[in-house]
Amino acid sequence: MSSSDLRPYHHGNLRDALLDSADRVLRAEGVEGLSLRQVARDCGVSSAAPRRHFPTKQALLDELAVGGFRQLARSMTDVAQNGTVEERLRAIAAAYLDFAANNGELLELMFTRKHVDSQDPRVVSAAGDTMAVIRKVIQEGQRDGSIAQRDPDELVLTFFTVTHGLVSLAATGVSEPAAVSAQMSAVIDLIFEGIRPR
């Protein structure tokens, strides 16, 4: 590719432009279709240019996962500000479902160990921030007496694994989001039957 073949990017920041391109490719072709060469071509830069920011494809995938977890945590935080603890947890579940329905390939990337370095401190931290949103609401419920005094980490894990399993059905197209939403409501009813104080 000659310099005359390169299309200038207008994002002002090559790193962000590469991530935007990678997100588009991920949505269209999945992880297997994503390559540094392709995102470079999409941004109109040389095939070597991305390596200044992402030395390997793995580094690019990890950064996409970090961004996904941060986006999910922001969405959950935004809806968890008001209402009862139960209402806030239902809103968190709904936000997660909405994220999954609109970001299926990204969600798969975020939770597939073969694609993402689950030991990368930035990935661990970003994933932890997502869990922290749920933990905060659960602990507030324990303080106001609406949730049983059990290990909050166990309650977070229960809530997250159940909701994650359901949203994955929507993300993979196994079930329609509307159907999953109805199932989610019923499942959260069952969760609250189990975690309310006796």
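Tabulated data
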| quantity | calculated |
| --- | --- |
| Full-stretch length increase - ARG74, GLN139 - with 0.36 nm per residue and alpha-carbon distance subtracted | 21.5 nm |
| Potential extension, ARG37-ASN13 segment - 0.36 nm per residue separation minus Cα distance | 6.9 nm |
| Given charges at beta-carbon only (K, R positive; D, E negative), |dipole| of the chain in Debye | 460 debye |
| For region 56-195, diffusion coefficient by Stokes-Einstein and Kirkwood Rh (Cα), 4 °C, 1.567 mPa s, µm²/s | 84 µm²/s |
| Axial C-alpha extent at least 20 Å, average Kyte-Doolittle at least 1.0 - helices from the chain (DSSP) | 152-171, 177-195 |
| Percent RCO, i.e. relative contact order, over region 56-195, from Cα pairs under 8 Å lying at least 6 residues apart | 30 percent |
| Candidates GLU108, GLU176, GLU32, ranked by Gaussian network fluctuation over the chain, Cα under 10 Å, top entry | GLU32 |
| Contour minus Cα-Cα distance for ALA178 and VAL124 (0.36 nm per residue) | 16.4 nm |
| Distance from region 59-82 to region 164-198 (C-alpha centre basis), Å | 20 Å |
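Here, each number is a calculation from the coordinates, and none is a lab measurement. What you see is a predicted model, and the numbers here were worked out from it, not measured in a lab. Note that each Cβ is placed from the backbone with ideal geometry, even for glycine, and that neighbours are counted across all protein chains shown.
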